[in-house]
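Trainee: Can you read through this structure? Questions will come right after.
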Amino acid sequence: MNLVNKMVSVDDLYSRRDYARTLPKIRIRTQLLIDMDNIANGVFSPLTGFMTEEEVNSVVEDMYLPSGYPWTIPLPLTLDQDQWNSIKVGEDYVMSDLEGKKDYGIIKVSDKYIMNLENIAIKVFKTSSKEHYGVSRMYEWGKYAIGGEIEVFNRYVDEYSSHMLSPRQTREIFKNMGWRTVVAFQTRNVPHRGHEWIQKTALSSVDGLFINPLVGDKKKGDYKDHIVFGSYEILVKNYFPKNTVLLAPLRTMMRYAGPREAIFHALIRKNYGCTHFIVGRDHAGVGNYYGPYEAQEIFTYFPDLGITPVFFKEFYWCNKCDSMVTDKICPHSIEDRIVIKGTLIRDLINHKEEVNTKIMRKEVAEYLIKEQDIFI
């Protein structure tokens, strides 16, 4: 698929910035600036701007864009009511940060609408409960939305910008590495031995592994971005052969939309040039809102996805097998298992206790114990 490019060319940069200074300004939150950046650089291809009402409704109800392309997460530009009231369809507006200090790009507003948030919550998140972080955040940001194509003349920059790679860059890297098949791994957590086993098992049947930790807005209790990325730098350096792994962050927010977000994550990695995508237990899940393998089952509805899902069941360490296993390959009883649970690892790290090397690599555990304030 051809990648979208909504970045203003160097030749047009000064003229478009000059034009932007003549436009009325809308101030948008950081999460939308990041969405804008991902649209402009092709991460969210084939989107060329923020979604119209028709696009949002099509995605919410059918999990496809009106064009027939699979897409599962709505991406409107939401505003407070005062700003929304001032918007005129057909006009151009410059998008700035909330303080109005820096302008990033221009949106040509083609639609202005009010969303049915309860319906979106039930269809996308499978609950309307505000106990769900994604639902609560959606209600907080409101129902007043606009849609339209964008053009971007300033990149959104943060502490991860030096680590970021665009889909054009990763595709070129894969080509230069001679990787015809690449499996992607999405994560918001620090790596334990189960994650490493999944990654290496998948890597054994393809040319390369793209570890793509998510950095961005997440719920309280999740690991901080620099902790996740730093722990993966340690793992890759010490436990993977050179020239088999590419590590780079994906800058976007966690939606916690379970099955729908699994498809969304897969489509993003297809844009990066990956041919395969790892889907484990409860991908992008939170609480008990989704079944343990619902995020795998949803892929049966998308035969046209264009990227091959790689499914893994729940894993554990078997003392008799002396390795990481699943029920499919291990015949031994539950008494022989060491079940790897995130809550157990968190408790050990919080109490500065030694972590069993069958659960987590020593270097990673030492890094986590040494660091302070590792959770959001």
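The values are calculated or read from the model by the stated rules, or taken from the named source; none is laboratory data. Predicted model, so just to flag it, every value in this text is computed and none were measured. Neighbour counts run over all protein chains shown; Cβ positions are idealised from the backbone, glycine included.
Trainee: Can you pull out every residue in segment 31-46 that is within 21 Å of Leu117 (Cβ to Cβ) and in contact with a Leu (Cβ under 9 Å, 6 or more places away or on another chain)?
Mentor: Result: Leu32, Asp35.
Trainee: Right, Arg171: outside any helix (DSSP H, G or I), of a type in the set (D, E, K, R), farther than 22 Å from Gly105 by Cα and in the same structural domain as Cys274 (by TED's automatic domain parsing) or not?
Mentor: So Arg171 fails the test.
Trainee: Another question, if that's okay. Taking the conditions exactly as written (free of Cβ contacts under 8 Å to residues at least 40 places away in the same chain and out of contact with any Phe, Trp or Tyr (no Cβ under 9 Å at 6 or more places or on another chain)), does Ile114 satisfy them or not?
Mentor: no
Trainee: Let me ask something else about it. Would you tally the residues in segment 112-146 being part of a loop (DSSP other than H, G, I, E, B) and of a type in the set (Asp, Glu)?
Mentor: Residues that pass the stated criteria total 1.
Trainee: Can you spot a residue in segment 66-74 that is under 19 Å from the mean Cα position of the chain (by Cα) and small (Gly, Ala, Ser)?
Mentor: Among the residues of segment 66-74, not one is under 19 Å from the mean Cα position of the chain (by Cα) and small (Gly, Ala, Ser), which makes the answer no.
Trainee: Let me ask something additional. Can you pull out every residue in segment 280-290 that is within 13 Å of the chain's Cα centre (by Cα) and surrounded by fewer than 23 Cβ atoms within 10 Å (Cβ to Cβ)?
Mentor: So the first thing to find is which residues in segment 280-290 are within 13 Å of the chain's Cα centre (by Cα), and the list is 283-285.
Matches in segment 280-290: Gly285 only.
Trainee: On to the next question. Working only within segment 117-128, note down all residues that are more than 12 Å from Gly258 (Cα to Cα) and either hydroxyl-bearing (Ser, Thr, Tyr) or surrounded by 14 or more Cβ atoms within 10 Å (Cβ to Cβ) (or both).
Mentor: Step one: list which residues in segment 117-128 are more than 12 Å from Gly258 (Cα to Cα), which gives 117-122, 128.
Those that are more than 12 Å from Gly258 (Cα to Cα) and either hydroxyl-bearing (Ser, Thr, Tyr) or surrounded by 14 or more Cβ atoms within 10 Å (Cβ to Cβ) (or both): Leu117, Ile120, Ala121, Ile122, Ser128.
Trainee: Among the candidates Thr181, Thr170, which residue alone is touching a residue at least 12 places away in the same chain (Cβ under 8 Å), in contact with a His (Cβ under 7 Å, 6 or more places away or on another chain) and either among the polar types (S, T, N, Q) or surrounded by fewer than 17 Cβ atoms within 10 Å (Cβ to Cβ) (or both)? Break it down into steps so the answer makes sense when it comes.
Mentor: Details: Thr170 fails: in contact with a His (Cβ under 7 Å, 6 or more places away or on another chain).
After ruling out the rest, the residue left standing is Thr181.
Trainee: On to the next question. So how many residues does segment 16-52 have that are closer than 21 Å to Gly90 by Cβ and touching a Gly at 6+ places or on another chain (Cβ under 7 Å)?
Mentor: 8
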